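Written out below as structure tokens is the structure these notes cover.
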Amino acid sequence: MTTFLDDWRKFYGELPPLSFALRNDERWVRFHSLPASKRYAQSPSEEVTVLHRANTVASDVIGADISWLAQSVPLEPKLAPGAARSRQIHGLMPAGSFVDDEVSWTIFATITHFRPGAFDNLIRDIAEERAFRTIWLSTRNGIVFAPYDGGIDVFMETAEAADTLKVKHRYWLSARADGL
């Protein structure tokens, strides 16, 4: 059986499993969780929008593929409320470590299948900065789904696939030229 790091390195080499480290790739797409690039939900209807967009994009890009669910946690974190809880709920186990910009990180991961609604609590925690950097990595094609507070970063197989996804969800894209 391959490990998370085996699969990660197969697709991304020595880059760290942090979505911001991949952003300069032409396969990158960023979607905002709320209209007008609003960062945090402030009402139940906005929370529904955040979850709808995350579940829709994850279903589009990860689908029912076997994927890794992984969280990268700084070795000496200022522990965010809920971070340890999210690892326990989803059965994440230590899966390796790495250093990025002089910060030591521990990776916790497990094999899973993304199902709409199954990860809503984790997506809420991510959207409210109560969980550390979390990604889903498709074991089949290396697609990465990486929600964050304010949106979703996706790294597709090809630039063409990224362009197709941008067209499909064009109203969720940033208005900025750099895509942020």
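Within the option set 58, 84, 95, 64, being surrounded by 19 or more Cβ atoms within 10 Å (Cβ to Cβ), out of contact with any Lys or Arg (no Cβ under 7 Å at 6 or more places or on another chain) and at pLDDT below 95 holds for one residue only, 95. All conditions but one from (1) assigned to a strand (DSSP E or B); (2) surrounded by 15 or more Cβ atoms within 10 Å (Cβ to Cβ); (3) not aromatic (Phe, Trp, Tyr) apply to residue 125; the one that does not is (1).
A single member of 19, 45, 59 is under 15 Å from the mean Cα position of the chain (by Cα) and free of Cβ contacts under 8 Å to residues at least 60 places away in the same chain, and it is 59. Restricted to region 5-21, and to residues that are part of a helix (DSSP H, G or I) and not charged (D, E, K, R), which residue is nearest to residue 95 (Cα to Cα)? So, considering only residues that are part of a helix (DSSP H, G or I) and not charged (D, E, K, R), the one nearest to residue 95 (Cα to Cα) is 5.
May I ask you to list the residues in region 15-45 that are among the basic types (Lys, Arg) and farther than 20 Å from residue 68 by Cβ? Within region 15-45, 30, 38, 39 meet the criteria.
The values are calculated or read from the model by the stated rules, or taken from the named source; none is laboratory data. Since the model is a prediction, treat every value here as computed from it, not as a measurement. Virtual Cβ from ideal backbone geometry, glycine too; neighbours counted across all protein chains shown.
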